[in-house]
Amino acid sequence: MDLAITYAEQYSNLVSTPTFWHSGGSIELSAQLRHGFGLAGSVAGTQTDNAAGSRVGLSLVTATFGPRYTYYKPLGSERTRSLAIFGQGLLGQAWGFNGYFPTASGGITSDNSLALQVGGGIDLGLSRRFGVRVFQTDWVRTQLPNGTTNVQNTLRLGAGLVFRLPHGR
């Protein structure tokens, strides 16, 4: 099992333009089950005080879970260093709060929706128990009220630390 703690930046839009960045982080837990196939769970949170120059903040938390495929390659003869390349498709929930979400009957300050996260990344294992997430890139789709399509397509970029948890055999 791997536990990754990452810093994340999200590139988002309110409707189509203008776009904006919001910052935060994520915690991911993943386990390989058989021949590179496994499961992953992710909780990510980001925040901005000025969404698209509107002077209105936005906090967003997503919790997603689903399948992940990881290709592992040992680096060197000691096999303590490794390269892991992964791809995943996760589904879950998004919570938007501390913001403004326009609806047909006015506006609300928080809402939740379906969240879809598709992406991947590269981990560099530095020892049997520790590594670095060199980068992770995900497309995150949410469906929070925005006054038009109620769809947000977001690019999430991240990097951080990976801890390999011991497992019994």
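Averaged over every viewing direction, what's the projected area of the C-alpha convex hull for region 83-156? Give it in nm², one decimal, please. Mind showing how you got there, number by number?
Details: hull surface 24.1 nm².
Mean projected area of the Cα convex hull: 6.0 nm².
Give me the 1.4 Å probe accessible area per residue for the chain, excluding ligands and nucleic acids, in Å².
54 Å²
Tell me, in nm to one decimal, what length is gained between residue 137 and residue 3 on full extension, where the rule is 0.36 nm per residue of separation less the Cα-Cα distance? Provide the component values of the computation, followed by the final result.
Details: separation 134, 0.36 × 134 = 48.24 nm, distance 1.70 nm.
This chain segment gains 46.5 nm when fully extended.
Tell me, what HN-Hα J-couplings in whole Hz come from the Karplus equation 6.51 cos²θ - 1.76 cosθ + 1.60 at θ = phi - 60° for each residue of region 112-123, using x for Gly and Pro?
Here the 3J(HN,Hα) series is 10, 7, 5, 10, 10, 10, 10, x, x, x, 10, 10 Hz.
Subtracting the Cα-Cα distance from 0.36 nm times the residue separation, let me have the gained length for residue 54 to residue 155 in nm, one decimal. Write out the running numbers ahead of the final one.
Values: separation 101, 0.36 × 101 = 36.36 nm, distance 2.01 nm.
Result for the pair: 34.4 nm of gain on full extension.
Percentage of Cα-Cα pair distances in region 73-113 greater than 14 Å, rounded to whole percent? Mind dumping the intermediate values first?
Values: 553 of 820 pairs.
Here the long-distance tail beyond 14 Å is 67 percent of all Cα pairs in region 73-113.
Apply the Kirkwood formula to region 26-103: the hydrodynamic radius equals the inverse of the mean of 1/r over all pairs of different alpha-carbon atoms; give it in Å with one decimal. Write out the running numbers ahead of the final one.
Numbers: mean 1/r = 0.0664 Å⁻¹.
Computed over region 26-103, the radius equals 15.1 Å.
Return the distance in nm (one decimal) between the two label points of a simple spin-label model at residue 98 and residue 85, each offset 7 Å from Cα along Cα→Cβ.
According to this spin-label approximation, the distance is 3.8 nm.
Counting only protein heavy atoms and a 1.4 Å probe, tell me what percentage of the chain's accessible area is made up of carbon and sulfur.
On the way: 5660 of 9050 Å².
With neighbouring chains kept in place, the figure for the chain is 63 percent.
For residue 129 and residue 31, FRET efficiency with R0 = 22 Å and r from the beta-carbon atoms, rounded to 0.05?
On the way: r = 15 Å, r/R0 = 0.70.
In this case the efficiency is close to 0.90.
Counting pairs of alpha carbon atoms under 8 Å apart in space and at least six apart in sequence, what relative contact order in percent does the chain give? All intermediate terms of the calculation are to be shown ahead of the outcome.
Numbers: 504 pairs, mean separation 37.5, N = 169.
Reported as a whole number, the value is 22 percent.
Under the definition of Cα pairs under 8 Å and six or more residues apart, what whole-number percent is the relative contact order of region 1-90?
Once divided by the residue count of region 1-90, the mean separation gives 22 percent.
The values are calculated or read from the model by the stated rules, or taken from the named source; none is laboratory data. Source: prediction; values computed, not measured. Cβ sites come from the backbone with ideal geometry, for glycine too, and all protein chains shown count toward neighbours. Accessible surface is based on the protein model in full, side chains and every heavy atom, while ligands, DNA and RNA are left aside. Shrake-Rupley method; radii C 1.70, N 1.55, O 1.52, S 1.80 Å.
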